[in-house]
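Participant: The structure's right below; bear with me while I get my questions together.
The values are calculated or read from the model by the stated rules, or taken from the named source; none is laboratory data. All values derive from a computational prediction rather than experimental measurement. Using ideal geometry, Cβ is built from the backbone for each residue, glycine included, and neighbour counts are taken over all protein chains shown.
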C-alpha cells in the first residue's frame, strides 16, 4: 500500500497494491500494522458505515466534536465520488483549507481523514456505494457541520449545483465562521 500525505497534515491518500489476473483482482484494503506504519498514527477503528446514493447526492460537511471526534478511512466500493476534507483544527497551519480526492470503485483509492476535519462527498456516477471506518462511535449530541457552499471555503464540487440532492438537515448547516467548534 502506498501512503501519500496531502497538503493537509495528517490526511493521506492510500493507493492499494492490486493483484490482477484472469479471475479478477485481489487487494488488501486494510491492515492495522501497515496503516500505522504508513500514517505514523495509531488508530483503532471501532465502527464501519456504508451508504448507497444516486448521482448528485451531496452528504456533508460533517464532523463530531470533543471527546466524540472521529477519524475516518473512506473508500468507494462501486461508482465514483468527489470526497472533501476541511481542516477545522484552529491551531493548524492549514485551518480552513480543504482538499478534494476522486474516489471510485475502479481506482480503489482510500482517503484517511483524521480527527479535527469536516468531511463530505458528492456522488458523480449514476450510483455509488460509499464505505468508511471510524475510530470513535457516533454521538448525536456531538454533531457538527458546515454548509457545503460556504463562501469562505469556496469548494469546487465539480458538478452543476442546480442538480445537487441535499438533505434538509445539510442545507441548514451553518457557514464555516458560525460552525460549532471541533474542540
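Participant: Restricting to strands (runs of 3 or more DSSP E) lying wholly in the stretch 1-115: which have 3 or more residues that are without any contact (Cβ under 8 Å) to a residue 12 or more places away in the chain?
Facilitator: 18-21, 24-27
Participant: May I pose another question? Does residue 101 satisfy the condition of being surrounded by 24 or more Cβ atoms within 10 Å (Cβ to Cβ) and in contact with a strand residue (DSSP E or B) (Cβ under 6 Å, 6 or more places away or on another chain)?
Facilitator: no
Participant: Being surrounded by 13 or more Cβ atoms within 10 Å (Cβ to Cβ), part of a loop (DSSP other than H, G, I, E, B) and touching a helix residue (DSSP H, G or I) at 6+ places or on another chain (Cβ under 7 Å): is that true of residue 153 here?
Facilitator: When the stated conditions are applied, residue 153 passes them.
Participant: Still on this structure: Evaluate the stretch 159-169: report whether one residue or more is modelled with pLDDT of 95 or more, in a loop (DSSP other than H, G, I, E, B), in contact with a strand residue (DSSP E or B) (Cβ under 7 Å, 6 or more places away or on another chain) and closer than 14 Å to residue 66 by Cα.
Facilitator: Scanning the stretch 159-169, I find no residue that is modelled with pLDDT of 95 or more, in a loop (DSSP other than H, G, I, E, B), in contact with a strand residue (DSSP E or B) (Cβ under 7 Å, 6 or more places away or on another chain) and closer than 14 Å to residue 66 by Cα, so the answer is no.
Participant: While we're here: Please determine whether any residue of the stretch 38-45 is under 24 Å from residue 106 (Cα atoms) and surrounded by 12 or more Cβ atoms within 10 Å (Cβ to Cβ).
Facilitator: Scanning the stretch 38-45, I find at least one residue that is under 24 Å from residue 106 (Cα atoms) and surrounded by 12 or more Cβ atoms within 10 Å (Cβ to Cβ), so the answer is yes.
Participant: Check residue 91 against each of (1) closer than 20 Å to residue 6 by Cα; (2) at pLDDT 95 or above and name the one condition it does not meet.
Facilitator: Exception for residue 91: condition (2).
Participant: Okay, moving on. Looking at the stretch 134-150 only, could you name the residues that are in contact with a helix residue (DSSP H, G or I) (Cβ under 8 Å, 6 or more places away or on another chain), assigned to a loop (DSSP other than H, G, I, E, B) and surrounded by 15 or more Cβ atoms within 10 Å (Cβ to Cβ)?
Facilitator: If the condition is that a residue be in contact with a helix residue (DSSP H, G or I) (Cβ under 8 Å, 6 or more places away or on another chain), assigned to a loop (DSSP other than H, G, I, E, B) and surrounded by 15 or more Cβ atoms within 10 Å (Cβ to Cβ), then 136, 146, 147, 148, 149, 150 are the ones that fit.
Participant: I've got another one for you. In contact (Cβ under 8 Å) with a residue 12 or more places away in the chain and either part of a loop (DSSP other than H, G, I, E, B) or closer than 20 Å to residue 44 by Cα (or both), is that true of residue 128?
Facilitator: no
Residues are listed down the side, and each one gets a yes or a no for (1) more than 20 Å from residue 147 (Cβ to Cβ); (2) crowded, with 17+ Cβ neighbours inside 10 Å:
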site	(1), (2)
54	yes, no
61	no, yes
66	yes, no
74	yes, yes
81	no, yes
85	no, yes
